[in-house]
1. Being under 22 Å from Gly199 (Cβ atoms), modelled with pLDDT of 95 or more, assigned to a loop (DSSP other than H, G, I, E, B) and of a type in the set (Val, Ile, Thr) is the requirement here; does Thr138 meet it?
2. Checking the condition part of a loop (DSSP other than H, G, I, E, B), among the aromatic types (Phe, Trp, Tyr) and either farther than 18 Å from Glu86 by Cβ or more than 29 Å from the chain's Cα centre (by Cα) (or both), which residue from Tyr207, Tyr126, Tyr216 passes?
3. Scanning the range 113-139 for residues that are of a type in the set (S, T, N, Q) and open to solvent by less than 50 Å² (accessible area, probe 1.4 Å), which turns out nearest to Ile165 (Cα to Cα)?
4. In the range 71-112, what residues are open to solvent by less than 60 Å² (accessible area, probe 1.4 Å) and acidic (Asp, Glu)?
5. Starting from residues that are surrounded by fewer than 19 Cβ atoms within 10 Å (Cβ to Cβ) and under 22 Å from Lys111 (Cβ atoms), keep the ones in the range 155-182 and report whichever is modelled with the highest pLDDT.
6. Being under 20 Å from Asn99 (Cα atoms) and in contact with an Asp or Glu (Cβ under 7 Å, 6 or more places away or on another chain) narrows it down to one of Tyr148, Tyr157, Tyr122, so name that one.
7. Within the set of pairs 6+ apart or on separate chains, which have a first residue in the range 211-240 that is closer than 19 Å to Gly199 by Cβ and without any contact (Cβ under 8 Å) to a residue 12 or more places away in the chain, a second that is open to solvent by 60 Å² or more (accessible area, probe 1.4 Å) and not aliphatic (A, V, I, L, M), and C-beta atoms under 6 Å apart?
8. Would you check which residues across the range 211-235 are open to solvent by 80 Å² or more (accessible area, probe 1.4 Å) and among the charged types (D, E, K, R) and list them?
Amino acid sequence: MNILLLHLIKQKYIRTFLLLALTGTIVLAAACSKEEQRKNPSSNDPAAASTNTQSAILPKYVNITKKAGISFVHNNAAFGAKYLPESIASGCAFLDYNNDGNQDIFLVNFKDWPERKRKASYPALYKNNGDGTFSDVTSTAGLSLEMYGLGVASADYDNDGHMDIFVSCLDQDHLYHNNGNGTFSDMTEAAGIREKEFGTSSTWFDYDRDGFVDLYVCNYVKWTKETDLFCTLDGVNKSY
């Protein structure tokens, strides 16, 4: 009888001890969880966790224009008259014009209005040196020609293996044939291109599937300096 009673008492204390130990473990775990949430609020916030993940994988861009040797400055010809074409920035193209496996850069430029001539401004062709830098080869490539340039599209239009350049302009558009020796020839007239509209952009595609790319030019509105509309935001001064 005494032995049985002692055994029952021992079992009772063991169960009580185990219950207390389990309760303490749960309380401790809860406390640790709250401390972790205090230190890292986003751990229990799906939106914050998603934001942190996105921040970790988003690319970061650094301006290396000057370091890469590019010093091109676009001229929009603005002098105060606020003509419509001045508000349309010119385009650019990446192309491997010398077939060395590196993408070069062609930058379109505008030019001053005849009545407000200040300086010459040309498009620019930058040769990729293959080491993260570029060299201005505009002059040696034969591309130092002033124009009211707006858009550019590059393609090998005669299938000779060299990328050619088409520039859409406010006045006469220009087609430059790649001679394959680092130079270009203006083939605008010879190619029968007499586009003198407000050419903002263009694209090459083989619409009739004859193996040669065709040219589509997108023109904007009919515009002249004489018909330039007076638009204003304040009712007094002209706005673009």
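The values are calculated or read from the model by the stated rules, or taken from the named source; none is laboratory data. Bear in mind that the values here come from a model prediction, so they are computed numbers and not experimental data. All Cβ positions, glycine included, derive from the backbone under ideal geometry; neighbour counts span all protein chains shown. The protein model used for the area step is the full one, side chains on, heavy atoms only, and it has no ligands, DNA or RNA in it. Shrake-Rupley method; radii C 1.70, N 1.55, O 1.52, S 1.80 Å.
1. Spelling it out, Thr138 is indeed under 22 Å from Gly199 (Cβ atoms), modelled with pLDDT of 95 or more, assigned to a loop (DSSP other than H, G, I, E, B) and of a type in the set (Val, Ile, Thr).
2. Tyr207
3. Narrowing the range 113-139 to residues of a type in the set (S, T, N, Q): 121, 128-129, 133, 135, 138-139.
Next cut, open to solvent by less than 50 Å² (accessible area, probe 1.4 Å) only: 121, 128, 133, 135, 138.
Details: Ser121: 18, Asn128: 17, Thr133: 22, Ser135: 18, Thr138: 13 Å.
Ranking the qualifying residues of the range 113-139, first place goes to Thr138.
4. The answer is Glu86, Asp96, Asp104, Asp112.
5. Filtering first and then ranking leaves Gln172.
6. Tyr157
7. Asp214/Tyr207
8. Scanning the range 211-235 gives Lys222, Glu226, Asp234.
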